[in-house]
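Student: Just passing along the structure, written as structure tokens.
Readers should treat all values here as calculations from the given coordinates under stated rules, not as data from a laboratory. These figures come from a predicted structure and were not determined experimentally. Glycine gets a Cβ as well: all are built from the backbone with ideal geometry, and neighbour counts include every protein chain shown.
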Amino acid sequence: MNAPDHPLSPEAIQTAAHALATRRLTGRVGGALPDPCRPTTLSDALAVQAAVSAELAQRAGERVVGWKCGLPGADTWVLAPLYASTLYRADDRTDPPVAGWPVWAQQGRVKVEPELAFVLGRDLPPRAQAYDTEEVRASIASAHLALELIDSRYDEQAPVHFADRLADGLVNQGLWLGPAIDLASAYAAQALDIAVTADAQPLLSQHGAHPAGDPLQPLCWLAEFLRGRGQGLQAGQVVITGSYAGAPWVPVGPMLQVRFGHLGTVALSFQTRPRG
């Protein structure tokens, strides 16, 4: 594998991006990327991630419409793009659909992460000055109940590391954006009791806590991180900042109800999206 002080070449980044974009478009999974194009540093991983977005735009007209993010660790950056074709808005349909929302599934199940989503009402563009918390808060137009949809482009046996996952978009396959909730309640939601039923049968009930404590804090980090890289955030983009209940498996087909504590309950169903 490439040593940390030997970054990937532009050609290697494109090779890696082509492989991961193809897996994302087809739903097929595979092993770790070949060593000559496999990222081993965070910078290389983000370069591949950005190249995947560019290739998806070229091949399928895809657009980045938001981000998933979390607080960084000593050797982790937690951010990945959300794409237009897999952003499902509950208000696009007046009733829960009979057929359900399309997802890549495994043995009739899909992993979901119960989260809060923030929709920006104004840009946070690149600039020399840092963004403070109040500026980030003022940029937010609405908060929503949401479910991140999870799927990896690597098979379960692949010996992958964090840089591999970061390049791949941190197992995101999409986002279901639910109803808007009170902004002040969203900012205060350090903990939420999460309950999930399938056709009224209990699947999960647990006391959930936001991984960052403050659900707004990862968005503040993301705004600063992207500002420092000359990118920024745009009005209309959706940002999710961490799951309150890990990533439980839920069945595809049955009507699901997910309760987010005192903030509300959503009802929806999924259908299997054919791979390949």
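Student: If Asp92 passes every condition in (1) closer than 26 Å to Leu145 by Cβ; (2) buried (at least 21 other Cβ atoms within 10 Å of the Cβ); (3) out of contact with any strand residue (DSSP E or B) (no Cβ under 7 Å at 6 or more places or on another chain) but one, which one does it miss?
Tutor: (2)
Student: What are the residues in segment 207-223 that are touching a Leu at 6+ places or on another chain (Cβ under 9 Å) and either surrounded by 19 or more Cβ atoms within 10 Å (Cβ to Cβ) or not in a loop (DSSP other than H, G, I, E, B) (or both), if any?
Tutor: His207, Gly208, Ala209, His210, Ala212, Pro215, Gln217, Pro218, Leu219, Trp221, Leu222, Ala223
Student: How many of the residues in segment 216-253 are under 18 Å from Leu82 (Cα atoms) and within 15 Å of the chain's Cα centre (by Cα)?
Tutor: Counting residues in segment 216-253 that are under 18 Å from Leu82 (Cα atoms) and within 15 Å of the chain's Cα centre (by Cα) gives 11.
Student: I'd like to verify a number: residues in segment 226-256 that are touching a helix residue (DSSP H, G or I) at 6+ places or on another chain (Cβ under 7 Å) and either surrounded by fewer than 22 Cβ atoms within 10 Å (Cβ to Cβ) or assigned to a loop (DSSP other than H, G, I, E, B) (or both), how many?
Tutor: The qualifying residues number 3.
Student: While we're looking at this one, here's another question. Out of segment 156-170, which residues are touching a Ser or Thr at 6+ places or on another chain (Cβ under 7 Å) and either free of Cβ contacts under 8 Å to residues at least 40 places away in the same chain or more than 19 Å from His18 (Cα to Cα) (or both)?
Tutor: Selection gives Phe162 alone.
Student: On to the next question. Which ones in segment 18-39 are touching a residue at least 60 places away in the same chain (Cβ under 8 Å), among the small types (Gly, Ala, Ser) and crowded, with 16+ Cβ neighbours inside 10 Å?
Tutor: Gly27
Student: On to the next question. What are the residues in segment 166-188 that are under 24 Å from Thr76 (Cβ atoms) and in a loop (DSSP other than H, G, I, E, B), if any?
Tutor: Within segment 166-188, Asp168, Gly169, Leu170, Val171 meet the criteria.
Student: Another question, if that's okay. What strands (runs of 3 or more DSSP E) completely inside segment 60-131 contain at least 1 residues that are in contact (Cβ under 8 Å) with a residue 12 or more places away in the chain, touching a Leu at 6+ places or on another chain (Cβ under 7 Å) and over 20 Å from Gln271 (Cβ atoms)?
Tutor: Once the strands (runs of 3 or more DSSP E) in segment 60-131 are filtered for at least 1 residues that are in contact (Cβ under 8 Å) with a residue 12 or more places away in the chain, touching a Leu at 6+ places or on another chain (Cβ under 7 Å) and over 20 Å from Gln271 (Cβ atoms), what remains is 64-69, 79-83, 109-120.
Student: Filter segment 37-54 for residues that are charged (D, E, K, R) and in a helix (DSSP H, G or I) and give the result.
Tutor: Answer for segment 37-54, where residues must be charged (D, E, K, R) and in a helix (DSSP H, G or I): just Asp44.
Student: Condition first: at positive phi and either out of contact with any Cys (no Cβ under 9 Å at 6 or more places or on another chain) or without any contact (Cβ under 8 Å) to a residue 12 or more places away in the chain (or both). Now tell me which residues in segment 219-245 satisfy that.
Tutor: Hits for segment 219-245 are Gly230, Gly232, Gly236.
Student: Okay, next question. Taking the residues in segment 135-155 that are under 15 Å from Ala19 (Cα atoms) and of a type outside the set (D, E, K, R) as candidates, determine which candidate is surrounded by the most Cβ atoms within 10 Å (Cβ to Cβ).
Tutor: Among residues in segment 135-155 that are under 15 Å from Ala19 (Cα atoms) and of a type outside the set (D, E, K, R), the one surrounded by the most Cβ atoms within 10 Å (Cβ to Cβ) is Ser152.
Student: Please enumerate the residues belonging to segment 165-176 that are of a type outside the set (S, T, N, Q) and under 15 Å from Ser243 (Cβ atoms).
Tutor: Once the filter is applied, which keeps residues that are of a type outside the set (S, T, N, Q) and under 15 Å from Ser243 (Cβ atoms), segment 165-176 yields Leu170, Val171, Gly174, Leu175, Trp176.
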